[in-house]
Amino acid sequence: RTSVRTLTVVPGPIVRYFASTGSLAPLPGPVLKFPFAGKVLKVAKPGTAVVAGDVLAAVEAARPLLGQLAQQRERLAFYQQMAEGMRQAGNKVEEERQMAKVEERKARIAKTMRALAQVAVVASSAGTVEESFARDGDTVEAGSLAVRLSSAGHRATFDLPGAQAAEARRLGFCQVGVDGNL
């Protein structure tokens with residue numbers, strides 16, 4: 001009779017500590033450029049919080065589209081309010097009619113935003129304006145710097161002795177503790 005012994009391996013963390021000094025610096029944020037040449041109509045000021053879809057900088061060619069966008073957003077808010085009123089009143093037929101108008105306005109706004117992105121700098125994500133490279137009234141070329149957004153990330157640089165650096169590279173880092181915080 002042969003007996004077989006089986007071991008089951010359970011993955012778990014392996015903790016290795018390396019004493020080191022290092023520096024932590026914020027990553028540079030993305031720099032957005034003017035897609036169209038012309039006289040600057042508006043530029044977001046440093047410290048301005050933005051969300052996706054906000055116009056950060058625009059040239060004169062964007063003026064009609066900005067006006068159109070404002071009007072479309074106003075009409076969208078009106079139809080949303082009307083649909084909500086009909087929902088509260090229990091008028092399903094009128095609510096559906098108003099919701100169809102809401103969807104139509106959203107489609108128009110999306111089309112205007114696509115056109116606006118051709119002549120203005122539009123935020124693709126949320127953030128904060130860190131630096132403005134142009135001022136209202138300046139004349140810019142296509143590709144000129146417009147604004148820099150703040151970065152959400154940081155870069156850490158650690159100084160390890162050669163043997164510890166080789167071992168850390170071999171093991172790979174999953175977490176780094178800084179002053180006892182992960």
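The values are calculated or read from the model by the stated rules, or taken from the named source; none is laboratory data. Predicted model, so just to flag it, every value in this text is computed and none were measured. All Cβ positions, glycine included, derive from the backbone under ideal geometry; neighbour counts span all protein chains shown. Note: accessible area is taken over every heavy atom of the protein model, side chains too, but ligands, DNA and RNA are not part of it. Shrake-Rupley method; radii C 1.70, N 1.55, O 1.52, S 1.80 Å.
Between Ala19 and Arg75, the modelled label-to-label distance comes to 7.1 nm, taking each label 7 Å out from Cα in the direction of the beta carbon.
Taking amide H atoms as placed 1.01 Å from N in the peptide plane, the amide H of Val122 lies under 5 Å from those of Leu56, each 5 or more residues away in sequence or on another chain.
The residues of the chain have, on average, 71 Å² of accessible surface per residue, using a 1.4 Å probe with all protein chains present.
Compactness of the chain was expressed as the Cα radius of gyration divided by 2.2 N^0.38 Å, which yields 1.71. Using Cβ point charges alone (K and R +1, D and E -1), the dipole size of segment 5-99 about the Cα centre works out to roughly 400 debye. Considering only Val102, Phe34, Val15, the residue lying farthest towards the positive end of the dipole of the chain is Val15, judged by Cα position with unit charges set on Cβ. With θ taken as phi - 60° and the Karplus curve 6.51 cos²θ - 1.76 cosθ + 1.60 applied, the whole-hertz 3J(HN,Hα) list for segment 34-39 is 5, x, 9, 7, x, 7 Hz, x standing for glycine and proline. Where only DSSP H runs of four or more residues are counted, the chain gives -12000 deg cm²/dmol as its mean residue ellipticity at 222 nm, each run worth -39500 (n - 2.57).
Solvent-accessible area of the chain (1.4 angstrom probe, protein heavy atoms only): carbon and sulfur portion equals 54 percent.
Loop-located trypsin sites (Lys or Arg not before Pro) in segment 56-162 (DSSP state not H, G, I, E or B) with no more than 12 neighbouring Cβ atoms inside 10 Å: Arg135. For the chain, a crude dipole built from +1 on the beta carbon of Lys and Arg and -1 on the beta carbon of Asp and Glu, taken about the Cα centre, is about 600 debye to the nearest 20. For segment 16-55, the alpha-carbon radius of gyration amounts to 2.09 times the rule-of-thumb value 2.2 N^0.38 Å expected for a compact globular protein.
Amide H to amide H distances under 5 Å link Val50 with Gly127, Thr128, Val129, where only residues 5 or more positions off or on other chains count and H is placed in the peptide plane.
Based on every Cα atom in segment 15-84, Rg and the maximum pairwise Cα distance Dmax equal 21.2, 64 Å.
Inter-label distance, Gln68 to Ser124: 2.3 nm, where each label sits 7 Å from its Cα along the C-beta direction. If the chain linking Lys106 and Arg1 were pulled fully straight, counting 0.36 nm for each residue of separation and taking away their Cα-Cα distance, it would gain 30.1 nm.
With a Förster radius of 30 Å applied to the C-beta separation of Leu27 and Arg170, the computed FRET efficiency comes to 0.65.
Modelled spin labels at Thr8 and Arg87, positioned 7 Å past Cα toward Cβ, are 5.0 nm from each other. In segment 54-137, the convex hull through the Cα atoms has an average projected area of 6.7 nm², a quarter of its surface area.
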